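Sending over a structure as structure tokens; questions will come in a sec.
The values are calculated or read from the model by the stated rules, or taken from the named source; none is laboratory data. Values in this document were obtained by computation on a predicted structure and should not be read as measured data. Neighbour counts run over all protein chains shown; Cβ positions are idealised from the backbone, glycine included. In case anyone asks, the SASA skips ligands and DNA or RNA and just uses the protein heavy atoms, side chains included. Shrake-Rupley method; radii C 1.70, N 1.55, O 1.52, S 1.80 Å.
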Amino acid sequence: MKVKSILVSQPEPKVENSPYFDLQQKYKIKIDFRPFIHVEGVNAKEIRQQKIDLNNYTSIILTSKNSVDHYFRVAEEMRFKVPETMKYFCQSEAVAYYLQKYVVYRKRKIYVGQKDFVDLSPLIKKFKDEKFLLPASDKLNDDVPQTLNDLNINWTQGIFFRTAMSDLSDLADVKYDVLCFFSPTGVNSLFKNFPDFVQGNTRIGVFGGTTKKEAEDCGLRVDIMAPTPEAPSMTMALDQYIAKANK
């Protein structure tokens, strides 16, 4: 079965040189983007119900751009002026770079990990006496609390935003050769919107082991998998699959 159309369950890339656009050109196929999930902010009242007082923390641990946005949104809602002495521990360079949207970078104490959350451990360990706040979503990876507990530090998790399933009813009559998923919630969203979904000849691409498990638990056949040693990204996995399928 040739691949002529792909639906990627994420927002369309904002950069012109996205590998998805290269795939489109290379194979003359149609690639659409549509987020199957979206993020909803938790209001200040709910944060207070979690017994979180922003005044009590000297360091913030930021795992994503969403955690940056929602920490500063809540601070504004609570009329909390973030002190210049605040320390920021960012999971990756991308998160640290995004932080510049809210703070003057060179005047702040910002510590940056490599990529995975565990890479932050040596940096956090140097500041064991700080009081850490982790503004996170309700769908937090298990390795994050595990890593922080192992460090034996004073830390608090706050649910500052939630992952919600998007309304996809307008896609009811649209068919794609390949559907790509990047989280278990994305797979759940497919079945919440289309409880009677039958895979048939539709190929399923997944990113990550937990997404693969969810897809298979829902009775889907996984045809395209990333990351693998041969295909560290979804676009590389798609490229290799289409090359064979469209011969």
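Restricting to segment 171-192, name every residue that is open to solvent by 20 Å² or more (accessible area, probe 1.4 Å) and either farther than 18 Å from residue 30 by Cα or not charged (D, E, K, R) (or both).
Answer for segment 171-192, where residues must be open to solvent by 20 Å² or more (accessible area, probe 1.4 Å) and either farther than 18 Å from residue 30 by Cα or not charged (D, E, K, R) (or both): 171, 172, 174, 176, 182, 183, 184, 188, 191, 192.
Test residue 39 against the criterion of being open to solvent by 50 Å² or more (accessible area, probe 1.4 Å), farther than 25 Å from residue 156 by Cβ and of a type in the set (A, V, I, L, M, F, W, C), and give yes or no.
Judged against the criteria, residue 39 is not a match.
Which pairs do you get when a residue that is touching a residue at least 12 places away in the same chain (Cβ under 8 Å), found in segment 10-21, comes within reach of a residue that is open to solvent by 80 Å² or more (accessible area, probe 1.4 Å) and in a helix (DSSP H, G or I), reach meaning Cβ atoms under 9 angstrom, with the pair 6+ apart or on two chains?
Hits for this filter: 19/236.
For segment 22-39, state whether one or more residues are in contact with a Phe, Trp or Tyr (Cβ under 6 Å, 6 or more places away or on another chain) and within 20 Å of residue 166 (Cα to Cα).
yes
I'd like the residue in segment 103-114 that is surrounded by fewer than 16 Cβ atoms within 10 Å (Cβ to Cβ) and farther than 26 Å from residue 142 by Cβ and, out of all such residues, is modelled with the lowest pLDDT.
For segment 103-114, the residue satisfying everything is 107.
Now a separate question. Can you tell me which residue among 101, 115, 65, 126 is over 21 Å from the mean Cα position of the chain (by Cα) and charged (D, E, K, R)?
126
Those residues that are touching a helix residue (DSSP H, G or I) at 6+ places or on another chain (Cβ under 8 Å), part of a helix (DSSP H, G or I) and open to solvent by 50 Å² or more (accessible area, probe 1.4 Å), I need them from segment 115-137; list them, please.
118
Just need a number here: residues in segment 3-26 that are of a type outside the set (S, T, N, Q), out of contact with any Lys or Arg (no Cβ under 9 Å at 6 or more places or on another chain) and open to solvent by 30 Å² or more (accessible area, probe 1.4 Å).
Matching residues across segment 3-26 total 8.
If I go through segment 161-199 residue by residue, how many of them are part of a loop (DSSP other than H, G, I, E, B) and not β-branched (Val, Ile, Thr)?
Residues that pass the stated criteria total 15.
Would you please name the residue that is least open to solvent (accessible area, probe 1.4 Å), looking only at residues in segment 203-247 that are of a type in the set (Asp, Glu) and under 25 Å from residue 164 (Cα atoms)?
Result: 214.
Quick one: count up the residues across segment 201-230 that are among the small types (Gly, Ala, Ser), at pLDDT below 95 and closer than 21 Å to residue 242 by Cα.
Counting residues in segment 201-230 that are among the small types (Gly, Ala, Ser), at pLDDT below 95 and closer than 21 Å to residue 242 by Cα gives 1.
Could you go through segment 193-202 and let me know if any residue there is closer than 21 Å to residue 1 by Cβ and open to solvent by less than 10 Å² (accessible area, probe 1.4 Å).
no
Which condition breaks for residue 139 when tested against (1) under 28 Å from residue 188 (Cβ atoms); (2) modelled with pLDDT of 90 or more; (3) in contact with a strand residue (DSSP E or B) (Cβ under 9 Å, 6 or more places away or on another chain)?
Of everything listed in (1) under 28 Å from residue 188 (Cβ atoms); (2) modelled with pLDDT of 90 or more; (3) in contact with a strand residue (DSSP E or B) (Cβ under 9 Å, 6 or more places away or on another chain), residue 139 misses just condition (2).
Cβ-Cβ below 6 Å, separation at least six or inter-chain, first residue in segment 159-184 and farther than 29 Å from residue 51 by Cβ and modelled with pLDDT of 95 or more, second part of a loop (DSSP other than H, G, I, E, B) and aromatic (Phe, Trp, Tyr): which pairs?
Close Cβ pairs (under 6 Å, with a partner that is part of a loop (DSSP other than H, G, I, E, B) and aromatic (Phe, Trp, Tyr)) amount to 166/36.
Tell me which strands (runs of 3 or more DSSP E) are completely within segment 23-114 and hold 2 or more residues being touching a residue at least 60 places away in the same chain (Cβ under 8 Å), or say none if there are none.
37-41, 59-62
Taking the condition modelled with pLDDT under 95, over 30 Å from residue 244 (Cβ atoms) and of a type in the set (A, V, I, L, M), does residue 42 pass?
Considered against the rule, which asks whether it is modelled with pLDDT under 95, over 30 Å from residue 244 (Cβ atoms) and of a type in the set (A, V, I, L, M), residue 42 comes out as no.
Look through 80, 72 and report the one residue that is modelled with pLDDT of 95 or more, among the aromatic types (Phe, Trp, Tyr), crowded, with 16+ Cβ neighbours inside 10 Å and farther than 23 Å from residue 121 by Cβ.
Criteria check complete, one pass: 72.
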